[in-house]
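The values are calculated or read from the model by the stated rules, or taken from the named source; none is laboratory data. Everything numeric here is computed off the predicted structure, so don't read it as measured data. Reconstructed Cβ throughout: ideal geometry from the backbone, glycine too, with neighbour counts over all protein chains shown. These accessible areas exclude ligands, DNA and RNA; they are computed on the full protein's heavy atoms, side chains included. Shrake-Rupley method; radii C 1.70, N 1.55, O 1.52, S 1.80 Å.
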Amino acid sequence: MQTIWPTAAGVRPGDRTPRSGDGRDWFFQKRFGLFLHWGLYALNGWHEQDQFRRRIPRPEYTALAARFNPRRFDPDAWLDQAAAAGMEYVCFTTKHIDGFCLWNTAQTDYNVMHTPYGRDVLALLAAACHRRGVPLCLYYSVADMHYKHYPNAGRSYERPGPEAGDEPDAARYLEFVRAQVRELCTQYGPIHGFWWDANMLGHQDPTFNDWIRSLQPAAMINDRGFGPGDFGTPEREYVGSVREVLAFERPTEHCQSIGTQSWGYRADEDYYACRYLRQSLDNALAKGGNYLLNIGPRADGTLPPEARRILRRLGSWYQRVRESYADAEPATHLSANRAVLLTRKGDCLYVHLNREPASAVVDLKPLTVQPIEATLLNTGAAVDARVEVTPDHWQEPPYLRLRHLPVNDLADQVLVIRLRFSAPLS
Ligand code: GLC
């Protein structure tokens, strides 16, 4: 078989991240998910950590429960909007740092059943996901600004210390956590992921994740809980390596919110530009990761109109280019051009113009093979692909170049070009 993929010295081959070989591997098929931060904080429309960041006294914050009544909550509408964007799984905040529970938990009355709404939001969402075959993952905050046994000690996401009625006791709090996790993993059908957050206790006990998996074998568990978990969770651009690496080495889910300020609903949100989100999504998927894009639903149960608009715009681009990620391997190491990302599948190589292109040509040095077909996935148009010598590298061999790309007409897109070669990968 003809070898058409030159391997530059010193670069890692474009491996895939390791698979589990069991039910958890759904994660590598469905790679673009919807994160949902929803809770009492939606009523104030400021930030999901409202209580913590604005130092709202506990009685004042807790009183929001008497106003929680999302009459327009319709999980099918959420899932329709997610599907239009090309999203294939959901991760839902069952309990954020405020301690308010969005399910019918027997462990505390601070839950959705004790609100004017009085219905089990998680059960409704889970039923809709199961009907449609959409994997459902559950977010759960270890930090808890409400439950009496949580040992508040003034760390991030905590109250400064115990208050009237509190009985701080880490061991009893962890029993509470276990009882809640048991409910979440036994009362809502198949759960496809457990998304720990805010383990301010620094508690470590990897057997906890093993126990979750014994209850829910398809659950992919993240790395923010009591053990290393199954996948990493770089957030926004806080970890620069998300942009710098050529490919992720362990299973990774890059999480990002649709707005710069908050994960929960924020009335005055500063939404990201669609071009930025396309680049961010492309960056994660082309490197072999997943992408979890967050929206904070409003207190009435609907997604904010601007968020819906962004999902539609993202979807109209993503649906056209998604074949470049599905079952493809990261392959950026095949070219020295660091302005582009590469993925490959069978006899196809996909070129992603992830960074803003400086000109209408992409140079794929050191590739020297002429593709038999070159197509711009964004439009379906043929692309002029040539192996040629140019004045700027006149003493070197001819290299593959993609020419006359519509970088001005499609300036807010991430362009993705499919190159088909005569031979499959050797
Ligand atoms: C950030 C936010 C937190 C949110 C999380 C999701 O850490 O501070 O509130 O739940 O992102 O990854």
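Provide a single number: the residues in region 160-187 that are open to solvent by 60 Å² or more (accessible area, probe 1.4 Å), in contact (Cβ under 8 Å) with a residue 40 or more places away in the chain and of a type in the set (G, A, S).
Here the count works out to 0.
Results for (1) closer than 14 Å to Q279 by Cα; (2) out of contact with any helix residue (DSSP H, G or I) (no Cβ under 9 Å at 6 or more places or on another chain); (3) open to solvent by 20 Å² or more (accessible area, probe 1.4 Å); (4) touching a residue at least 24 places away in the same chain (Cβ under 8 Å), shown as yes or no for each residue.
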| site | (1), (2), (3), (4) |
| --- | --- |
| W317 | yes, no, no, yes |
| S335 | no, yes, no, yes |
| D384 | no, yes, yes, no |
| V414 | yes, no, no, yes |
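Just name the residue that is most open to solvent (accessible area, probe 1.4 Å) out of those in region 58-91 that are acidic (D, E) and part of a helix (DSSP H, G or I). Spell out the reasoning first.
Taking region 58-91 as the starting set, the residues that turn out to be acidic (D, E) are 60, 74, 76, 80, 88.
Those still in the list that are part of a helix (DSSP H, G or I) too: 60, 76, 80.
Values: E60: 119, D76: 42, D80: 84 Å².
For region 58-91, the residue satisfying everything is E60.
Cβ-Cβ below 8 Å, separation at least six or inter-chain, first residue in region 80-98 and of a type in the set (K, R), second outside any loop (DSSP other than H, G, I, E, B) and away from the ligand (no atom under 16 Å from the Cβ): which pairs?
K95/Q180
Among the residues of region 252-282, write down those that are open to solvent by 10 Å² or more (accessible area, probe 1.4 Å) and more than 16 Å from the ligand (Cβ to nearest atom).
A267, D268, Y271, A273, C274, R275, Y276, Q279
Among (1) in contact with a strand residue (DSSP E or B) (Cβ under 6 Å, 6 or more places away or on another chain); (2) open to solvent by 20 Å² or more (accessible area, probe 1.4 Å); (3) within 13 Å of the ligand (Cβ to nearest atom), where does H192 come up short?
With (1) in contact with a strand residue (DSSP E or B) (Cβ under 6 Å, 6 or more places away or on another chain); (2) open to solvent by 20 Å² or more (accessible area, probe 1.4 Å); (3) within 13 Å of the ligand (Cβ to nearest atom) applied to H192, the lone miss is (3).
For (1) open to solvent by 50 Å² or more (accessible area, probe 1.4 Å); (2) over 19 Å from the mean Cα position of the chain (by Cα); (3) of a type in the set (D, E, K, R); (4) at pLDDT below 95, each residue gets a yes or a no:
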position: G296; (1), (2), (3), (4): no, no, no, no
position: A299; (1), (2), (3), (4): no, yes, no, no
position: R320; (1), (2), (3), (4): yes, yes, yes, no
position: R344; (1), (2), (3), (4): no, yes, yes, no
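Give region 386-412 a look and list any residue that's under 33 Å from the mean Cα position of the chain (by Cα) and open to solvent by 70 Å² or more (accessible area, probe 1.4 Å), or say none.
Answer for region 386-412, where residues must be under 33 Å from the mean Cα position of the chain (by Cα) and open to solvent by 70 Å² or more (accessible area, probe 1.4 Å): N408, D409.
In region 43-57, which residue that is closer than 16 Å to E269 by Cα and within 13 Å of the ligand (Cβ to nearest atom) is most open to solvent (accessible area, probe 1.4 Å)?
Only one residue fits best here, namely W46.
If you go through region 106-153, how many residues are more than 16 Å from the ligand (Cβ to nearest atom), assigned to a loop (DSSP other than H, G, I, E, B) and under 19 Å from R67 (Cα atoms)? Let's see the steps before the verdict.
First pass over region 106-153, keeping only residues more than 16 Å from the ligand (Cβ to nearest atom): 106-136, 147-153.
Next, only the ones that are assigned to a loop (DSSP other than H, G, I, E, B) stay: 106-110, 115-120, 133-135, 147-153.
Okay, now just the ones that are also under 19 Å from R67 (Cα atoms), so 108-110, 115-120.
Of the residues in region 106-153, 9 are more than 16 Å from the ligand (Cβ to nearest atom), assigned to a loop (DSSP other than H, G, I, E, B) and under 19 Å from R67 (Cα atoms).
I need the full set of residues from region 110-159 which are of a type in the set (S, T, N, Q) and either free of Cβ contacts under 8 Å to residues at least 40 places away in the same chain or buried (at least 21 other Cβ atoms within 10 Å of the Cβ) (or both), in order please.
Listed by number, the residues that qualify are N111, S141, N152.
Test Y61 against the stated conditions and say whether it is more than 23 Å from the chain's Cα centre (by Cα) and among the hydroxyl-bearing types (S, T, Y).
yes
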